[in-house]
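Encoded as structure tokens, the structure appears first; notes follow it.
The values are calculated or read from the model by the stated rules, or taken from the named source; none is laboratory data. Only a predicted model underlies this, so the values are computations on that prediction, with no experimental measurement involved. No Cβ is skipped: glycine too gets one built from the backbone with ideal geometry, and neighbour counts run over all protein chains shown. Calculation scope for accessible area: heavy atoms of the full protein, side chains included, ligands and nucleic acids excluded. Shrake-Rupley method; radii C 1.70, N 1.55, O 1.52, S 1.80 Å.
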Amino acid sequence: MWLWVGIPLIGTPLMVYFLNEDYERTGCRTLEQNIILMMWIFVGFASCVGGVAMGFVGIFPLCYCAYQGLLVGFGCFMTGIILHFRPKTICGIIASFLSVTPLFLQGDLWPWQLLVASLISVIALIIPGHLFHNYVKNYESL
């Protein structure tokens, strides 16, 4: 249960490290990169604090998947808006709407929450990431 707390604690320093490595290579960082970095640091921090708070209160199994899905969907939506990349924005909206479904999967249906959380991750992070990679690759070849 507490493994979810470690994800932002490990991921945030790694993200900052890799972005600083990119900054040292290019010598510049744009406003969009700074905004996206700070936004995802906030999402990770909110995920960590929310998970700890839900664990102490005792509602962790009830609503953490919905909370996490909403944060990831919001982050994906905002990243798509900042980058002007419509598929990322649309996938963020879909993930935010799907984040409500774990609230209805209680009782014996609780294990299905993890499948919904995985679906939210695929829709919000993996699919737009591949689409954006192909977009950048085709844009550079022009």
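General observations
- Using a simple spin-label model with pseudo-atoms 7 Å out from Cα toward Cβ, residue 108 and residue 134 lie 4.1 nm apart.
- Under the simplified labelling scheme, the residue 18-residue 82 pair shows an inter-label distance of 1.5 nm, with each label point 7 Å from Cα along Cα→Cβ.
- Dividing the Cα radius of gyration of region 93-132 by its Kirkwood radius returns 1.07 for Rg/Rh.
- Legend: residues 63, 76, sorted from most to least accessible area (1.4 Å probe; ligands, DNA and RNA excluded), read 63, 76.
- Of every Cα-Cα pair in region 1-66, the percent that sits beyond 20 Å: 39
- Relative to the dominant Cα principal axis of the chain, helix 86-98 is inclined by about 10°.
- Applying 0.36 nm per residue to the separation of residue 45 and residue 118 and subtracting their alpha-carbon distance, the gain on full extension is 24.3 nm.
- FRET E, pair residue 141, residue 28, Förster distance 22 Å, beta-carbon r, rounded to 0.05: 0.40
- Alpha-carbon centroid distance for the pair region 1-77 / region 79-114, whole angstrom: 16
- Summing charges over all other residues whose Cβ lies under 11 Å from the Cβ of residue 79, with Lys and Arg as +1 and Asp and Glu as -1, gives 0.
- Solvent-accessible heavy-atom area per residue, rounded to whole Å², over the chain at 1.4 Å: 64
- Radius, Kirkwood style, for the chain when every pair of distinct Cα atoms is counted (Å): 16.2
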